[in-house]
Amino acid sequence: MSVHIYQAIWDGDDHRFTVSARAANGDWHAPDADILLDEQVRAKGSRQIDLATSPLFASVDFDKMDASDLYRSFIRLLDNFAVHFRDPETISPAEEDEIERFLDLVIASRPMQIAFAHISSELVRDMTVETFRADLRRMWFEVYTNFFRGKSTHFCTGFEHVFVGEGKYKKGGNAAAEKGEISGYHSWVKFALDELNNRVDYLGYKYDLGGPGPDNPHVVTLQMVWNHQDMSGELIAEMFKSKGGFFVGSSPACEFALGTLAFYEGLHGLLSNQRKRVQLGEGKFDLVMYHETTVDGALGPHIRSFYPVYLGDGSSSTIDTGTVIVRPVDIDLQNDGPLRILSALPNPVGDDQGTEWVDIWNAGAVDVELAGHELRDKMGRPQPIGAGVLAVGETLRVSVTRATVNHMQMSNRKGLITLHDAAGEMLASVSYGRAEENLVLTFAERDGSTSDADGD
């Protein structure tokens, strides 16, 4: 299960915003998406040179954000922290209430429920919900002192560093606006709001952190300037981040769940060089998890930082990160369980709307109740299967309705089809290359063997 648990959390994000990038001709791939992400140009590498003439977020459905209790609760937390990394952090009773309300929503979310089920069964046996909540409160919000390479940094919190960002600049200087650096700041919601209010300047993409360029709209690696202002609007500091990044469209609950699982896995020695190599949707990532370092050099009970490093979609044999050559591992496919993806028609004749289909076969020994089951595409968009029982040996044809841009869409080239149960657990997954018109792709045989439909 551990191989697929991060993907299950990602797939279970029912508060995700859909994202579209630009096509080669400049049009949007999905103009009705919740987020239109405009990465534009590669950054020059200097805080003084801004080659990106437009905002990173060309459009965000802020009305959808405002209608969500989860997002509203998250946004209320963003102004509870001091910007300068050496300023003391105090949490008022009102801010404590905001934290507790946010934790209520996160713990009730599908991604965190999936994470908790795995953590309590595989990593911390017999953990109660109360203990888990206390751990979340401590690791993300408790103020602590970090010790690293002989230096101590006071007033740290995981939430502030990861989702808000910290500023490092000289205080009380003579310049009208001090020049400084950004530490942390790995939240698309924070960036979109700051950009809307002219508090950040997007300088261009910077994929030498990993990946060849902006080919995945659900993550961005960038250069940026954060303009810190006082209450009267006067500019205090211009803070630069030469290499940074964050997921795009994923909900705060999903990012909390991913980070929380990585934190526990790190404590149990399951990370490699403080990183977890995962497949999420259509991309390969290293999830970087830095724990607190205690005064004696051990891993502490708080989160220091958490962010994604994009490694590409796994389709190329090598990806040059600028310092090393990363060889992506193909997505782990499985289609040998009781429920299998038997065949599919991704490219029907004429209009694809409602004419694409996927056949599911019950190859097991018991009937299966399908309520809550769904198919998903490589972007994690769902196609509900509907209630009913699939008897042993029977096949169900599921029509891919394309009801909205948020629903499953089957690509005519290089697609992924996954089958999930009501808890979000992946039961089967298959991939394919180019699909010729009206060609039925076969992924499993009735004799129990599987067929490889992956090709170009």
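What follows draws every value from the coordinates through simple rules; no lab data is involved. Note that this is a predicted model, so its numbers are computed, not measured. Because the Cβ atoms are built from the backbone with ideal geometry, glycine has one as well, and the counts that use them run over all protein chains shown.
Treat the count of other C-beta atoms within 10 Å as a stand-in for reagent exposure and order 28, 10, 361 from fewest to most.
The order, fewest Cβ neighbours first, is 28, 361, 10.
Could you list the trypsin sites (Lys or Arg not before Pro) in the range 99-152 that lie in coil according to DSSP, counting only those with at most 14 other Cβ atoms within 10 Å of their Cβ? Mind dumping the intermediate values first?
Details: sites: 101, 125, 133, 137, 138, 149, 151; in loops: 125, 149.
Counting only loop positions with at most 14 other Cβ atoms within 10 Å, the trypsin sites (Lys or Arg not before Pro) in the range 99-152 are 125, 149.
Using the Karplus equation 6.51 cos²θ - 1.76 cosθ + 1.60 (θ = phi - 60°), what ³J(HN,Hα) coupling, rounded to whole Hz, does each residue of the range 365-382 give in order, writing x for Gly and Pro?
Here the 3J(HN,Hα) series is 9, 9, 5, 10, 7, 9, 4, x, 6, 7, 8, 9, 9, 5, 8, x, 6, x Hz.
Looking at the square roots a ≥ b ≥ c of the eigenvalues of the Cα gyration tensor of the range 7-97, which shape do they give, rounded for a/c under 1.5, prolate if a/b is larger than b/c, or oblate? Intermediate values should be presented prior to the final figure.
Values: a/c = 2.56, a/b = 1.33, b/c = 1.93.
It comes out oblate by the Cα gyration axes.
Given the -39500 (n - 2.57) contribution per DSSP H run of 4+ residues, what per-residue ellipticity at 222 nm results for the chain, rounded to the nearest 500 deg cm²/dmol? Please report the intermediate quantities before stating the final value.
Values: 8 runs with 84 residues, N = 456.
Calculated from helices alone, the mean residue ellipticity at 222 nm is -5500 deg cm²/dmol.
Return the long-range amide H neighbours of residue 356 (sequence gap of 5 or more, or a different chain), with a cut-off of under 5 Å between placed amide H atoms.
Amide H neighbours of residue 356, under 5 Å, 5+ apart: 400.
Please rank 78, 441, fewest neighbouring Cβ atoms within 10 Å first, as an exposure proxy. Display every interim value, and only then the final one.
Values: 78 17, 441 23.
Ranking 78, 441 by Cβ neighbours within 10 Å, fewest first, gives 78, 441.
Applying 1/(1 + (r/R0)^6) with R0 = 25 Å to the Cβ-Cβ distance of residue 229 and residue 196, what FRET efficiency is obtained, to the nearest 0.05? Intermediate values should be presented prior to the final figure.
Details: r = 14 Å, r/R0 = 0.57.
With R0 = 25 Å, the Cβ-Cβ based efficiency is 0.95.
Quick check for me: using +1 on Lys/Arg Cβ and -1 on Asp/Glu Cβ, what's the dipole size of the range 339-442 about its Cα centre, in debye to the nearest 20? If you can, show how the numbers build up before the last one.
Values: 9 positive and 13 negative charges, 79 e Å.
It works out to roughly 380 debye.
Which of 299, 132, 384 sits farthest toward the positive end of the charge dipole of the chain, with +1 on the Cβ of Lys and Arg and -1 on the Cβ of Asp and Glu?
299
Could you give the nm distance between label points at residue 76 and residue 275, where each point is 7 Å from its Cα heading toward the beta carbon?
For residue 76 paired with residue 275, the spin-label model returns 3.8 nm.
How do 139, 112 rank when sorted from fewest to most other Cβ atoms within 10 Å of their own Cβ? Please list the in-between numbers first.
Details: 139 22, 112 25.
So the residues, fewest neighbours to most, are 139, 112.
Once you order the gyration tensor axes a ≥ b ≥ c over the Cα atoms, which shape class does the range 9-164 get: rounded for a/c under 1.5, otherwise prolate or oblate by comparing a/b with b/c? Write out the running numbers ahead of the final one.
Details: a/c = 1.96, a/b = 1.33, b/c = 1.47.
It is oblate, given that a/c is not under 1.5 and a/b is not larger than b/c.
Can you pull the one-decimal nm distance between simple spin-label points at residue 294 and residue 64, each 7 Å off the Cα toward Cβ?
4.4 nm
Can you spot the lysines whose alpha carbon is less than 21 Å from residue 284's alpha carbon? Ignore those fewer than 8 places along the same chain.
Hits, sequence-local ones excluded: 206, 243, 276, 378, 414.
Along the charge dipole of the chain, pointing to its positive end and built from +1/-1 on Cβ of Lys, Arg, Asp and Glu, which listed residue (432, 237, 116) has its Cα farthest out?
Projecting each Cα onto the dipole axis, the largest value belongs to 237.
So who's got an amide H within less than 5 Å of the one on residue 284, skipping anything under 5 residues away but keeping other chains? H placed 1.01 Å off N, in plane.
The answer is 311, 312, 313, 314.
Given the Cα-Cα distance of residue 407 and residue 439 and 0.36 nm per residue of separation, how much length would full extension add, in nm?
On the way: separation 32, 0.36 × 32 = 11.52 nm, distance 2.24 nm.
Length difference between fully extended and current span is 9.3 nm.
Extending each Cα 7 Å along its Cβ direction at residue 242 and residue 154, get the distance between those two points in nm, one decimal.
3.0 nm
Note down the relative contact order for the range 5-310 as a percent, whole number, built from C-alpha pairs under 8 angstrom at least six residues apart.
It rounds to 22 percent for the range 5-310.
Taking the dipole about the Cα centre of the chain, with the C-beta of Lys and Arg at +1 and of Asp and Glu at -1, give me whichever of 226, 443, 74 is farthest to the positive side.
Positive-end residue among those listed: 226.
Size of the dipole of the chain about the Cα centre, Lys and Arg at +1 and Asp and Glu at -1 on the beta carbon, nothing else charged, in debye to 20?
On the way: 42 positive and 68 negative charges, 305 e Å.
The dipole of the chain has a size of about 1460 debye.
Between helix 129-141 and the chain, what is the angle of the helix's C-alpha long axis to the longest principal axis, kept within 0 to 90° and rounded to the nearest 10?
50 degrees
Could you tell me the calculated FRET efficiency between residue 54 and residue 131, based on Cβ-Cβ distance and R0 = 35 angstrom, to the nearest 0.05? Before the final figure, lay out the partial values.
On the way: r = 47 Å, r/R0 = 1.35.
Calculated value: 0.15.
Pick the calculated Cα extents along the principal axes in Å for this structure from (i) 74, 49, 41; (ii) 81, 51, 35; (iii) 76, 54, 43?
Only one listed value fits the structure, namely (iii).
Tell me the Rg and the Dmax, in Å, that the Cα atoms of the range 339-442 produce.
Taking only Cα atoms of the range 339-442, I get Rg and Dmax of 12.9, 38 Å.
What does the extension gain come out to for residue 365 and residue 25, with contour length at 0.36 nm per residue minus their alpha carbon separation?
Working: separation 340, 0.36 × 340 = 122.40 nm, distance 5.13 nm.
That pair, residue 365 and residue 25, stretches by 117.3 nm at full extension.
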